[in-house]
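Novice: Next up is a structure, given as structure tokens.
The values are calculated or read from the model by the stated rules, or taken from the named source; none is laboratory data. These figures come from a predicted structure and were not determined experimentally. Here the Cβ positions follow ideal geometry from the backbone for every residue, glycine too, while neighbour counts run over all protein chains shown. Note: accessible area is taken over every heavy atom of the protein model, side chains too, but ligands, DNA and RNA are not part of it. Shrake-Rupley method; radii C 1.70, N 1.55, O 1.52, S 1.80 Å.
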Amino acid sequence: MVTTPPFLHETLPLITQALAQHAEQVDLSGEFPSAAFAKLQQQGLLHFALPSSAGGSGGDLLACQAIIQAVARGEPSAALILIMQYLNTRRLGTESSWPEQVRLRVADSVVTKGALINALRVEPELGTPARGGLPATRARRTHAGWRISGEKIYSTGSYGLSWFLVWASSDDVDPLVGGYLVPADAPGIKIVDEWDHLGMRGTCSHRVVLDDVLVPLDHAVNVAPWSKPKMGLDEEESVWMAVLLGSLYDAIAQSARDWFINFLQQRVPTHLGAPLSSLPRFHELVGRIDTLLLTNQTLLNATARGLVASGHAAQIKQVVTENAIKAVELMVENIGNHALTRRHPLQRHFRNVLCGRIHTPQGDAIFTSVGKLALSVERSTS
């Protein structure tokens with residue numbers, strides 16, 4: 001049964017409030033949201049998805065979703081980094097294929113030190129591995145261990161991470177391709193500050209350069225021969241990713257909606273002599289926005305509870321993300337310059353929510369896959 005621990009009902013609103021105090025500064029500076037993660041560590045939320053067998057809380061999807069929504073309502077860059085933490089740490093239970101000593105070392109660092117981990121996959125030339133191809137980042141086998149060299153871009157969390165799970169290929173005849181675990185403080189690592197994005201600026205998704213970085217041989221934690229590649233995310237992992245990413249961008253739209261409602265109630269044009277909220281056109285507009293967000297909540301909650309087939313996970317993410325973007329676009333379109341004024345947070349929410357479209361799988365890949373399957377089924381039954 002999927003449940004949310006009672007303590008979260010009291011804790012999460014306070015976390016939202018605390019993180020929101022720093023959201024504007026994080027956006028302006030583009031710096032890692034250290035204060036947010038100190039707060040999350042203090043509340044025991046960095047190891048919340050880590051299985052109990054590894055010393056974590058063993059939180060389920062619905063509870064993790066509630067945490068992500070609360071964090072994203074306050075400061076969404078921290079929420080994206082936390083999503084990656086949850087997706088990676090929940091794989092560290094006893095059923096993990098990682099070498100036992102390595103698995104327990106990482107798990108212990110998460111629990112005791114609040115260590116953060118994320119996969120570094122995207123490369124300058126190849127782009128996202130979801131579109132196929134062999135990584136140029138190379139792990140060279142030596143007597144001392146693996147020597148890893150290469151570059152990764154869009155490395156979410158960069159400066160705040162303790163562990164990099166680097167997607168690379170070995171120098172074997174049949175290369176071992178997959179995740180090589182690299183301590184973030186290993187000699188030979190350089191972070192290049194090039195993340196200057198429109199939105200989600202505090203994710204610090206900078207370029208990470210690895211120059212002959214040495215790691216032990218047992219740090220090839222999740223690799224397989226190129227001739228027999230491992231499958232991507234399994235069904236459960238796909239659902240977790242869809243729900244958590246969808247919840248992040250829905251939460252941004254929810255925050256925008258709260259500001260928008262307050263603006264309509266407080267804004268009193270002199271020629272009107274009454275708040276904008278008294279106008280029927282804004283009644284209709286808010287109704288449209290709330291309907292989009294109600295659809296999101298219904299889809300996300302049903303999926304988190306296992307009421308939606310896992311094969312639809314990517315579609316859920318796509319619909320929720322587009323609804324969130326549309327909701328904020330409606331707000332921006334209807335209040336003019338106020339929406340894009342720096343002192344108002346709506347412009348920040350708008351920039352942040354637009355970033356929802358970049359996450360794998362993107363819309364074209366989702367629709368192509370769904371359509372191909374539908375047409376294949378129709379043809380085989382005709």
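Novice: Residue farthest toward the positive end of the dipole of the chain, with Cβ of Lys/Arg at +1 and Asp/Glu at -1: which of Ala72, Leu373, Thr295?
Specialist: Thr295
Novice: Take each of the peptides 322-332, 211-221, average the number of other beta-carbon atoms within 10 Å over its residues, and list them starting from the highest.
Specialist: Sorting 322-332, 211-221 by mean packing, highest first, produces 322-332, 211-221.
Novice: Given the chain, what count of lysine pairs have C-alpha atoms under 23 Å apart, with each pair 8 or more places apart or on different chains?
Specialist: Close lysine pairs under the 23 Å cut-off: 7.
Novice: Quick one: work out Rg over Rh on the C-alpha atoms of region 167-301, Rh as Kirkwood radius.
Specialist: Ratio value, two decimals: 1.21.
Novice: For the chain, modelled as a GNM with alpha-carbon contacts under 10 angstrom, which of Glu95, Glu236, Glu123 fluctuates the most?
Specialist: Largest GNM mean-square fluctuation: Glu95.
Novice: Could you give the length gained by full extension between Asp290 and Glu10, i.e. 0.36 nm per residue of separation minus their alpha carbon distance, to one decimal place?
Specialist: Working it through step by step, the gained length comes to 98.3 nm.
Novice: Give me the percent of accessible area attributable to carbon and sulfur for the chain, probe 1.4 angstrom.
Specialist: Its accessible area is 54 percent carbon and sulfur atoms.
Novice: Residue farthest toward the positive end of the dipole of the chain, with Cβ of Lys/Arg at +1 and Asp/Glu at -1: which of Val328, His143, Ala23?
Specialist: The residue sitting farthest along the positive end of the dipole is Val328.
Novice: Can you work out the accessible area per residue across the chain, with the rest of the protein chains kept in place, probe 1.4 Å, in square angstrom?
Specialist: Normalised by residue count, the accessible surface of the chain is 46 Å².
Novice: Please give the direction-averaged projected area of the C-alpha convex hull for region 256-382, in square nanometres with one decimal.
Specialist: Computed as one quarter of the Cα hull surface, the answer is 10.3 nm².
Novice: Using just the alpha carbons, could you tell me how many Å³ per residue the convex hull of the chain encloses?
Specialist: Measuring per residue, one finds 159 Å³ for the Cα hull of the chain.
Novice: At most 16 other Cβ atoms within 10 Å and a DSSP loop assignment: could you name the trypsin sites (Lys or Arg not before Pro) in region 170-261 that fit?
Specialist: Filter output for region 170-261: Lys230.
Novice: Moving on. Once fully extended, how much extra length lies between Trp226 and Thr298, figured as 0.36 nm per residue of separation less the alpha-carbon to alpha-carbon distance?
Specialist: Between Trp226 and Thr298, full extension yields an extra 21.9 nm.
Novice: Here is a further query. Quote the charge dipole size of region 321-369 about the Cα centre in Debye, to the nearest 20; the model charges only the Cβ of Lys and Arg (+1) and of Asp and Glu (-1).
Specialist: So the dipole magnitude of region 321-369 works out to roughly 320 debye.
Novice: Roughly speaking, what is the stretch gain from Glu194 to Gln21, that is 0.36 nm per residue apart minus the C-alpha to C-alpha distance, in nm to one decimal?
Specialist: Additional length available on full extension: 59.7 nm.
Novice: To continue, here is another question. Among bridges DSSP assigns within region 112-170, what percent are antiparallel (round to 5)?
Specialist: Taking every DSSP beta bridge within region 112-170, about 45 percent pair in antiparallel fashion.
Novice: If I model a spin label at Lys113 and Ala186 as a point 7 Å from the Cα along the Cα→Cβ vector, what separation in nanometres do I get?
Specialist: Simple spin-label model gives 1.5 nm for this pair.
Novice: Kindly identify region 101-161 as rounded, prolate or oblate by the Cα gyration tensor criterion: order the square roots of the eigenvalues as a ≥ b ≥ c, call it rounded if a/c is under 1.5, otherwise compare a/b with b/c, prolate if a/b is larger, else oblate.
Specialist: oblate
Novice: Hey, could you grab the Kirkwood Rh for region 123-194? Inverse mean 1/r over distinct alpha carbon pairs, Å, one decimal.
Specialist: Result for region 123-194, one decimal place: 13.0 Å.
Novice: Related question: Below 8 Å between Cα atoms, with a sequence gap of 6+, how large is the relative contact order for the chain in percent?
Specialist: 15
Novice: Just how large is the dipole of the chain about the Cα centre, in debye to the nearest 20, putting +1 at every Lys and Arg Cβ and -1 at every Asp and Glu Cβ?
Specialist: Its charge dipole is roughly 380 debye.
Novice: How big is the dipole moment of region 61-151 about its Cα centre under a simple scheme where the beta carbon of each Lys and Arg is +1, that of each Asp and Glu is -1, and everything else is neutral? Debye, nearest 20, please.
Specialist: 220
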